[in-house]
Amino acid sequence: MKTKSKNRRNWLLNFLSWAFKRYRGASKDGGGTRELSSGFLSDRVRDELIAETRRHTGDLLEIGCGEGLFLKEMVSDDANKLVGLDLFFKMLARTDSVLGAERARIQFVQAGGEAMPFRDGSFGRVVCVNIFYNIPTMELLEGIIAEAGRVLAQNGVFVFEIRNRYNPFMYLLYRWVDAYDTSIGDLPLNTYFYHDINRMLKKHHLSVIAKKGIYIPLWLLAPVYVIVARKD
């Protein structure tokens, strides 16, 4: 019995390893090694958030902008002020190669999302792309949500996504990552319950006005939720 149980576990880990590497595969724009911002799932999430963000107007802040992949898509057809914020200088240093001459149109700031150096109500749109699943604690996650609400103007929108803990595949994929992929190191991979995130949003005067599941149309089982919340 122990051998059968071990074999089942090994089969599951091998499948999760294949799936995880598949999601971390080469990005569609062919841009080399870019940590976890590359891969099919991350690209699909980014495309969905670009579409949602373009439905709204106002100055734009991206929290956790990394090397600028999201802003690269926005800069070509958005006349509003664009600001990218990231905690890590090594990520901001890559924006030159990703954005080229268009980098001059974007203001970049090195700071954490839980303590942003912007005035209250500075932006009409705040976006987080492929960020929340790497946040190490719920306290820090709520701090970022609170700051997003603070810097949003009245009726401004917060656009982001979460990996869905109700989806068993996503939960196991991230929960057991240490068992089949050691390249992640100390980087956390988290899934969340929608009701927990919604409670935080409401606490900080943000109301969900749109939500969408990615890949699976059934809301409860979608691996990723795209969420748009408006500042009350």
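Take Phe108 and tell me if it is within 19 Å of Tyr194 (Cβ to Cβ), of a type outside the set (S, T, N, Q) and not in a loop (DSSP other than H, G, I, E, B).
Answer is no for this residue.
Evaluate the stretch 131-153: report whether one residue or more is in contact with a Pro (Cβ under 9 Å, 6 or more places away or on another chain), crowded, with 16+ Cβ neighbours inside 10 Å, at pLDDT below 95 and more than 18 Å from Leu60 (Cα to Cα). Yes, some residue in the stretch 131-153 is in contact with a Pro (Cβ under 9 Å, 6 or more places away or on another chain), crowded, with 16+ Cβ neighbours inside 10 Å, at pLDDT below 95 and more than 18 Å from Leu60 (Cα to Cα).
All of Leu60, Leu99 fail the test of being more than 23 Å from Ala222 (Cβ to Cβ), of a type outside the set (Val, Ile, Thr) and in contact (Cβ under 8 Å) with a residue 40 or more places away in the chain, apart from Leu60. Looking at this structure, is Lys72 under 19 Å from the mean Cα position of the chain (by Cα), within 28 Å of Ile214 (Cβ to Cβ) and part of a helix (DSSP H, G or I)? Judged against the criteria, Lys72 is a match.
Consider the stretch 189-223 and keep the residues that are within 17 Å of the chain's Cα centre (by Cα), surrounded by 13 or more Cβ atoms within 10 Å (Cβ to Cβ) and in a loop (DSSP other than H, G, I, E, B). The one that is modelled with the lowest pLDDT is Leu189. Kindly establish whether Lys202 is without any contact (Cβ under 8 Å) to a residue 60 or more places away in the chain, among the charged types (D, E, K, R) and under 21 Å from Arg150 (Cβ atoms). So Lys202 passes the test. Summed over the stretch 141-159, the residues that are in a helix (DSSP H, G or I) and small (Gly, Ala, Ser) give a count of 4.
The values are calculated or read from the model by the stated rules, or taken from the named source; none is laboratory data. Because the structure is a prediction, the values reported are computed rather than measured. Virtual Cβ from ideal backbone geometry, glycine too; neighbours counted across all protein chains shown.
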